[in-house]
Amino acid sequence: MPTPNGKNILIVDDDDDLTNLFQTFLEYDGYKVDAFTDPIDALYSFRKNVYDLVLLDLETPKMNGIILSQKLKNIDPTLLFCFITTNIEFIEHLKRNNLDIKNIVIHKSIWLNELRTKVHSLLFNQQQQNKEDKDKLLILI
């Protein structure tokens, strides 16, 4: 079912309370949200071209967020990710290979208004990039 802003979000975090809080808050903002506490369930339920953004805990049992993101990216290469973590050292390690990692990370604990700002920013930037790509394509035609 389309939402007022037409955006769908997948949340995967083993913290049930946090997952429910994020889901409720983002649904209040008009997003369609599917949430999982088990990354394997999320992977098996994943459908290509359905989600605009995945909020993904880096440290989950059974499969960590990096591996899950790679598996989801193999299914849908256009998927946008934002990682959720308390592990500052892991993010510092990731920064060595990707300086922009701070733009796609949510540090626990986060204020809900910060979550809203991060999600809106990521989705707006993706929408702008898609528009620019379409404009470039029109110029080539």
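All of the numbers you see were taken from the coordinates with simple rules; none came from a lab. Fair warning: this is a prediction, and the values are worked out from it, not measured in the lab. Virtual Cβ from ideal backbone geometry, glycine too; neighbours counted across all protein chains shown.
Need the failing condition index for Val50 against (1) out of contact with any strand residue (DSSP E or B) (no Cβ under 8 Å at 6 or more places or on another chain); (2) surrounded by fewer than 15 Cβ atoms within 10 Å (Cβ to Cβ); (3) touching a residue at least 40 places away in the same chain (Cβ under 8 Å), just the number.
(1)
Given the criteria buried (at least 20 other Cβ atoms within 10 Å of the Cβ) and either closer than 14 Å to Ile11 by Cβ or among the β-branched types (Val, Ile, Thr) (or both), does Asp57 qualify?
yes
Quick check on region 2-24. Is at least one of its residues of a type in the set (Phe, Trp, Tyr) and without any contact (Cβ under 8 Å) to a residue 24 or more places away in the chain?
Within region 2-24 (the criterion being of a type in the set (Phe, Trp, Tyr) and without any contact (Cβ under 8 Å) to a residue 24 or more places away in the chain), the answer is no, since none of the residues qualifies.
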